[in-house]
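**Student:** There's a structure below that I have some questions on.
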Amino acid sequence: YEQPTSPKQFHLGMFEIGRPLGKGKFGRVYVARERTKGFICALKVLHKHELQQGKVEKQLRREIEIQSNLRHPNILRLFGHFHDSKRVFLILEYAGKGELYKHLRRETKFPEWKAAQYIAQMAAALQYLHKKHVMHRDIKPENILVGIHGEIKISDFGWSVHAPNNRRNTMCGTLDYLPPEMIKPGSSDNYYTEKVDLWSLGVLTYEFLVGEAPFEDTPVMTQRKIARGEMTVPSFVSPEAKDLIKRLLVLDPEKRIPLDEVQKHPWIIKHCVRGERATQRSSGKSEQ
Ligand SMILES: Cc1cc(Cn2cc(-c3c(Cl)cnc4nc(-c5cn(C)nc5C)[nH]c34)cn2)no1
């Protein structure tokens, strides 16, 4: 389908609402078809009173402002938004294979070739974001969707901001993905930059390959392990993958491997080179 022209005003009557696709903290997502052109999208419906109670209106405004200006194959498109008396509606790109974390839970962990291709796509999307001085700040499997061709799409820019950010924001949800600079209380220059996403990329790489996050523990222990960078990589993880994880999970944000080097890392090159072998491997035809 051609993507919707951008009429200034969208409204609910323009859409035929289909089955619910999922639910989040402040609402639900439905598959929807835009009536005039038959364009399929995902309609995220958020309830205003819940947004007010959760004090997340400003965050939603930022999510809309940031995500509607992004154009990248590994970032979920936000085509538009509208509201009625009780609800806010986000018109989002429909990701044909759904939520990545459900695939990860079902498969427990990903084979190295799949994890490497996902991490290469994440690095490309983050490089695009960081060039625009946007940091996502909430990279985790729950905020990644899978497109119809198996490509991944970062979604949920509710925590994204323009870098650098001097304000401390109370984060909710899992601590697992937080970098040390966001949990260390009272560090003098308690500002952080887009390098927070490099740490989260390291946590994501680990979780794709191991099936659990590297610092997973009780909240207190998790914070302590993160602050000390204490984690062990199981022996079944290849030395190349372990090397990339270790270069991302560095306490000093300035010493984390930059995204352009992530994309040239031996583990990424080994699994993502565009040759016949790589495609054979990814279809599982050749030796693993
Ligand atoms: C509120 C709220 C719910 C969620 C989580 N969530 C995201 C989706 C979703 C989006 Cl935003 C876009 N495309 C999707 N495609 C699917 C899907 C496709 N298949 C075959 N199965 C599913 C499920 N889900 C999509 C749904 N829930 N975030 O905020």
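**Student:** Can you pull out the residues in the range 97-110 that are in contact (Cβ under 8 Å) with a residue 12 or more places away in the chain and surrounded by fewer than 14 Cβ atoms within 10 Å (Cβ to Cβ)?
**Tutor:** Correct list: THR108 only.
**Student:** Could you grab me the full set of residues in the range 73-94 that are open to solvent by 40 Å² or more (accessible area, probe 1.4 Å) and under 14 Å from ILE17 (Cβ atoms)?
**Tutor:** ASP84, ARG87, TYR94
**Student:** Only residues that are surrounded by fewer than 16 Cβ atoms within 10 Å (Cβ to Cβ), of a type in the set (D, E, K, R) and more than 9 Å from the ligand (Cβ to nearest atom): list them for the range 20-41, please.
**Tutor:** ARG35, LYS37
**Student:** When you look at LYS44, is it within 16 Å of the ligand (Cβ to nearest atom), open to solvent by 100 Å² or more (accessible area, probe 1.4 Å) and either touching a residue at least 24 places away in the same chain (Cβ under 8 Å) or in a strand (DSSP E or B) (or both), yes or no?
**Tutor:** no
**Student:** Taking the range 196-230 as the region of interest, how many residues are in a loop (DSSP other than H, G, I, E, B) and closer than 26 Å to ARG106 by Cβ?
**Tutor:** Total meeting the criteria: 7.
**Student:** Exactly one of these conditions fails for LYS132: (1) of a type in the set (D, E, K, R); (2) more than 12 Å from the ligand (Cβ to nearest atom); (3) modelled with pLDDT of 95 or more. Give me its number.
**Tutor:** (3)
**Student:** Might you check whether a residue that is within 20 Å of LEU259 (Cα to Cα) and either modelled with pLDDT under 95 or open to solvent by 10 Å² or more (accessible area, probe 1.4 Å) (or both) occurs anywhere in the range 213-224?
**Tutor:** Looking for residues that are within 20 Å of LEU259 (Cα to Cα) and either modelled with pLDDT under 95 or open to solvent by 10 Å² or more (accessible area, probe 1.4 Å) (or both), one finds none in the range 213-224, hence no.
**Student:** Those residues that are buried (at least 20 other Cβ atoms within 10 Å of the Cβ) and farther than 16 Å from VAL262 by Cβ, I need them from the range 111-134; list them, please.
**Tutor:** VAL134
The values are calculated or read from the model by the stated rules, or taken from the named source; none is laboratory data. Values in this document were obtained by computation on a predicted structure and should not be read as measured data. Cβ atoms come from the backbone with ideal geometry, glycine included; neighbour counts cover every protein chain shown. Just the protein is used for accessible areas: all its heavy atoms, side chains included, with ligands, DNA and RNA removed. Shrake-Rupley method; radii C 1.70, N 1.55, O 1.52, S 1.80 Å.
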